[in-house]
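Contents: one structure, followed by commentary.
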Amino acid sequence: MTDQRFVHVQWSSRLAFVLAASGSAIGLGNIWKFPYLTGEHGGGAFVLVYLLCVAAIGIPIMIAETLLGRRGRQSPINAMRSLAEAAKVSPAWQYAGWLGVISGFLILSYYSVIAGWALAYVFKMNSALFSHITPETAARYFDEFRTDPQIQVIWHTLFMVATVAIVSRGVNGGLEKGTRYLMPALAVMLVVLVLYAVGTEGLGRAVAFLFLPDFSRLSGESVLTAMGQAFFSLGLGMGSIMVYGSYLPSHVSIARSTIVVAAADTAVALFAGLAIFPIVFSNHLEPGMGPGLIFQTLPIAFGAMPGGSFFGALFFVLVFFAALTSSIAMIEPAVAWLTENRGLSREAASAWSGLACWGLGLGTLLSFSSWSDVRLFGRNLFELLDFLTADVMLPIGGFLVAVFAGWVLSRRDTEEELEMADSRAYEAWRFLVRYVAPSGMGIIFLKAMELI
């Protein structure tokens, strides 16, 4: 059995875990990244490949990461070390935990900057700034906003303060309570926005674009991008799901809970597409606008529609809430480790972690302005952090999680933790986590290294 010295408090119920883990997974990857990638890669065929990758790669790794968390009952670093000791393998496996904690920490440093943009745009939309403006003007507004470091610091700080305030209150009083209110609010706002989009003339084109596959528009690059997005969207490889799993009561089914989480995450991504693309098509805008889709394209559309200021502001509140539920999950592994290994109170661990993330985030926001010409390996700081985390560290982390759960932990240990009534379901998971998921992670990594 594993070392249980650092057993934390637990989620009060299965629903609490599902809401928190869904909040961890649902974030900018669903509402910002998925729609613009779908637009860039041709729509329905990309969506279909994405769904297959969620089923074959994302869910098996999510089950594995949750399993390791509950089996270890500690922060990812300590959990991996004690599980390695129990399995009588090299203690170097603890570095898989380190990789996850550091990945989440680095991602949050720039994630906070982008989430700050969403918070700022809530007020920009309310001010009717985008009423009947041209694409050129919207792009100029966004560029002026993004390159103003003083304004950026304010929004970055507000977002990080909100994150720390929730995490510092603990598992039940902070993480659980926060997601208990934020997730239903997020769902309601998304449904309202979809209903709003349903009334537009672009609905038919949007549905066809999203759900009618045109395989002639699907390239090898699109398949690899869908694979990477399926993994990134679920928030895997950064220790968040593992530490949330460490708080999961023993009687709760890991498989059923994680499948619900993955389904919720996927549904939000698809609903985000249904909220965004009808508005894009109704205004004769281009769906493949790339990362600027929600900060340049959508404000133009909302600005030209009746009630657009209100619904535009509501959309960016949705983006902010989604980002917040993910950010508290990203910082939690570092906070858990500090409380376990450095004897800090939860408040102090949250404050120090948040301050360090905030400081690193200053480099990201400056990379859009005064540091834009500072390059390392041909990338500015934001681009470098994004590449190192999303394209290198997370795939390696996912690969290590799959290998440890599939090959290092004994069959008896995984069967005991998963307790699947259907042996065929267990065999399917074991096959996917041992062979398919590691292969997928390897392909994503090789693509990032431009080796394939």
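Amide H contacts of ARG379: none lie under 5 Å away among residues 5 or more positions distant or on a separate chain (H built 1.01 Å from N in the peptide plane; Pro and chain starts excluded).
Here r is the Cβ-Cβ distance between GLU85 and TRP352 and R0 is 41 Å; the resulting FRET efficiency, rounded to 0.05, is 0.90. Karplus-derived 3J(HN,Hα) values for segment 99-105, using 6.51 cos²θ - 1.76 cosθ + 1.60 with θ = phi - 60°, are 4, x, 4, 5, 4, x, 5 Hz; glycine and proline are entered as x. In segment 98-201, taking the dipole from charged Cβ atoms about the Cα centre, the farthest positive-side position among LEU186, ALA139, PRO149 is held by LEU186. A convex hull fitted to the Cα coordinates of segment 268-404 yields 177 cubic angstrom per residue. Once the C-beta distance of ARG256 and THR157 is scaled by a Förster radius of 41 Å, the resulting FRET efficiency is 0.55 to the nearest 0.05. Note on segment 276-385: with neighbouring protein chains present and a 1.4 Å probe, carbon and sulfur make up 67 percent of its accessible heavy-atom surface. For the chain, the longest principal axis of the alpha carbon atoms and the long axis of helix 59-72 meet at an angle near 50°.
Sorted into 10 angstrom bins from 0, the C-alpha pair distances of segment 382-452 split as 20, 41, 24, 14, 2 percent. By the helix-only formula, in which each DSSP H run with n ≥ 4 contributes -39500 (n - 2.57) and the sum is divided by residues, the chain has a 222 nm mean residue ellipticity of -22000 deg cm²/dmol. Compactness of segment 47-178 was expressed as the Cα radius of gyration divided by 2.2 N^0.38 Å, which yields 1.48.
Taking the charge dipole of the chain about its Cα centre, with +1 at Lys and Arg Cβ atoms and -1 at Asp and Glu Cβ atoms, the residue from SER112, SER257, ALA313 reaching farthest to the positive side is SER257.
With all protein chains kept in place, the per residue accessible area of the chain amounts to 38 square angstrom at a probe of 1.4 angstrom. Roughly speaking, what % of Cα-Cα pairs in segment 127-183 are separated by over 17 Å, rounded to a whole number? Considering segment 127-183, 59 percent of its Cα-Cα pairs are separated by more than 17 Å. When +1 charges are put on Lys and Arg Cβ atoms and -1 charges on Asp and Glu Cβ atoms, the dipole computed for the chain relative to its Cα centre reaches about 780 debye. Rounded, prolate or oblate for segment 331-452? Axes are the square roots of the Cα gyration tensor eigenvalues, ordered a ≥ b ≥ c, and the cut-off for rounded is a/c under 1.5. Here segment 331-452 falls in the oblate category. At q = 0.14 Å⁻¹, what is the base-10 log of I(q)/I(0) for segment 114-217 according to the Debye formula with one equal point scatterer per Cα and no solvent? Please give it to two decimals. Calculated log10 I(q)/I(0) at the listed q: -0.90. All other residues whose Cβ lies under 15 angstrom from that of PHE321 are scored, Lys and Arg at +1 and Asp and Glu at -1, for a net of +1. Each eigenvalue of the Cα gyration tensor of segment 208-333, multiplied by 5 and square-rooted, gives one semi-axis; in descending order these are 31, 20, 13 Å.
Helix 254-282 and the longest principal axis of the Cα set of the chain meet at an angle near 10°.
Residue-wise HN-Hα couplings along segment 446-452, as the Karplus relation 6.51 cos²θ - 1.76 cosθ + 1.60 with θ = phi - 60° gives them from phi, are 4, 4, 4, 7, 6, 9, 9 Hz; Gly and Pro carry x. Largest first, the extents of the alpha carbon coordinates of segment 1-81 on the three principal axes equal 51, 22, 20 Å.
Sequentially through segment 341-358, phi angles give Karplus couplings (6.51, -1.76, 1.60; θ = phi - 60°) of 9, 10, x, 7, 5, 4, 4, 5, 4, 5, 5, 5, 5, x, 5, 5, 4, 4 Hz, Gly and Pro residues having no value and appearing as x.
Placing R0 at 41 angstrom, the Cβ-Cβ distance between VAL374 and VAL198 gives a FRET efficiency of 0.35 after rounding to 0.05.
The alpha carbons of the chain occupy a box of 65, 48, 44 Å along the principal axes, longest dimension given first.
Relative to the compact-globule estimate of 2.2 N^0.38 Å, the Cα radius of gyration of segment 35-106 comes out at 1.50.
Legend: distances between Cα atoms for LYS124/LYS177; LYS88/LYS177; LYS33/LYS124; pairs beyond 32 Å are LYS88/LYS177. The mean of 1/r over all pairs of different alpha-carbon atoms in segment 225-294, once inverted, gives a Kirkwood hydrodynamic radius of 14.6 Å. Here the mean projected area of the convex hull built on the C-alpha positions of segment 345-394 is 4.2 nm².
The values are calculated or read from the model by the stated rules, or taken from the named source; none is laboratory data. It should be emphasised that the depicted structure is a prediction, and the values quoted were computed from it without experimental measurement. All Cβ positions, glycine included, derive from the backbone under ideal geometry; neighbour counts span all protein chains shown. Side chains included, ligands, DNA and RNA excluded: accessible areas come from the protein's heavy atoms. Shrake-Rupley method; radii C 1.70, N 1.55, O 1.52, S 1.80 Å.
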